[in-house]
Amino acid sequence: GHPSRRAPPPPRGGEACLAAGYSLTLVPGGEREQLIARRGDHTVCLSTRRGFCRLALKHGAPLVPAYCFGETDTFDTSTLALGLRQRLASALTIAIPLARGPSWWR
């Protein structure tokens, strides 16, 4: 096997890693999920994120689904100015979640 190391971001990095025989761990999700996170609700936006599937099929790499539970229960998120924050996230590819939860010093 190959030692673990960080690769350039996909798709070029993923393409090169799979072509060289490496395995990839991809964590789909990001700005959209951060902004719509709600306590007790598990929503993943994958309908427009299919490039990793095409890449795996092209190289014959297995897809092993995995999901983490509980991260939406860590903080409460606000819907204040959600539409504006979603437009900013789309334009700038950075999310601005307004969250509150237990502090680290408790």
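The values are calculated or read from the model by the stated rules, or taken from the named source; none is laboratory data. Just so we're clear, the structure is a prediction, and the values are computed from it rather than from any experiment. Here the Cβ positions follow ideal geometry from the backbone for every residue, glycine too, while neighbour counts run over all protein chains shown. The accessibility values were calculated without ligands, DNA or RNA, using every heavy atom of the protein model including side chains. Shrake-Rupley method; radii C 1.70, N 1.55, O 1.52, S 1.80 Å.
Could you tell me which residue of the stretch 46-73 is nearest to Gly21 (Cα to Cα), considering only residues that are exposed (fewer than 12 other Cβ atoms within 10 Å of the Cβ) and over 16 Å from the mean Cα position of the chain (by Cα)? Among those residues, the one meeting the criterion is Gly60.
Take Gly14 and tell me if it is of a type outside the set (Val, Ile, Thr), at pLDDT 80 or above, surrounded by fewer than 10 Cβ atoms within 10 Å (Cβ to Cβ) and assigned to a helix (DSSP H, G or I). Answer is no for this residue.
For every residue, the table says whether it meets (1) over 18 Å from His42 (Cα atoms); (2) touching a strand residue (DSSP E or B) at 6+ places or on another chain (Cβ under 8 Å); (3) among the β-branched types (Val, Ile, Thr).
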{"site": "Phe69", "(1), (2), (3)": "no, no, no"}
{"site": "Thr74", "(1), (2), (3)": "no, no, yes"}
{"site": "Ala81", "(1), (2), (3)": "yes, no, no"}
{"site": "Leu84", "(1), (2), (3)": "yes, no, no"}
{"site": "Arg87", "(1), (2), (3)": "yes, no, no"}
{"site": "Ile94", "(1), (2), (3)": "yes, no, yes"}
{"site": "Pro97", "(1), (2), (3)": "no, yes, no"}
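Condition check: open to solvent by less than 60 Å² (accessible area, probe 1.4 Å) and without any contact (Cβ under 8 Å) to a residue 60 or more places away in the chain. Does Ala37 satisfy that? Answer is no for this residue. How many residues, within the stretch 18-47, are assigned to a loop (DSSP other than H, G, I, E, B) and closer than 17 Å to Tyr67 by Cα? Qualifying residue count for the region: 16. The residue of the stretch 75-97 that is nearest to Ala20 (Cα to Cα), among those that are open to solvent by 60 Å² or more (accessible area, probe 1.4 Å), among the hydroxyl-bearing types (Ser, Thr, Tyr) and touching a residue at least 24 places away in the same chain (Cβ under 8 Å), is Thr93.
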